[in-house]
Amino acid sequence: MINSKLATLFSILVLGLAISFTVLGRDVANEQYMVTAAQKDYDEAQANFDNISKVIQKQEKVVAQEQLLLKQQQDKQEVAKTQLSKAKVQLEKQQKALDDAWNKDKR
């Protein structure tokens with residue numbers, strides 16, 4: 001009778017351990033799957049970040065080139081503005097001289 005109770009107790013203990021190892025095995029497999037999925041998500045996010053960073057770097061170069069071109073055009077505009085002012089003064093001077101000549105002839 002003690003042997004049968006001991007055998008039953010031992011069987012229950014072995015069965016409990018077997019179930020525990022099965023559950024533990026499932027937990028490890030599940031955790032491995034979750035780590036793999038998380039690694040895949042991380043790799044995709046890293047690749048996306050790297051791609052966007054490259055696009056930004058290219059765009060920054062384009063913007064820098066455009067800003068340089070804008071500065072050059074603004075400098076040319078200043079030169080043209082100075083030339084325009086000088087030409088306007090010269091035109092007004094010549095028009096006044098012409099007006100004076102006309103007025104002199106009319107007298």
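For this structure, a couple of remarks:
- For ASN103, the conditions (1) surrounded by 10 or more Cβ atoms within 10 Å (Cβ to Cβ); (2) more than 43 Å from the chain's Cα centre (by Cα); (3) at pLDDT below 95 all hold with the exception of (1).
- The set of residues in the stretch 11-26 that are open to solvent by 80 Å² or more (accessible area, probe 1.4 Å) and either basic (Lys, Arg) or at pLDDT 70 or above (or both) comprises ILE12, LEU13, ARG26.
- Qualifying residue in the stretch 33-56 (condition: surrounded by 10 or more Cβ atoms within 10 Å (Cβ to Cβ), modelled with pLDDT under 95 and either outside any helix (DSSP H, G or I) or among the aromatic types (Phe, Trp, Tyr) (or both)): yes
The values are calculated or read from the model by the stated rules, or taken from the named source; none is laboratory data. Computed from a predicted model, the values in this text were never measured in an experiment. When we count neighbours, we look across all protein chains shown, and the Cβ atoms used for this are built from the backbone with ideal geometry, even at glycine. Calculation scope for accessible area: heavy atoms of the full protein, side chains included, ligands and nucleic acids excluded. Shrake-Rupley method; radii C 1.70, N 1.55, O 1.52, S 1.80 Å.
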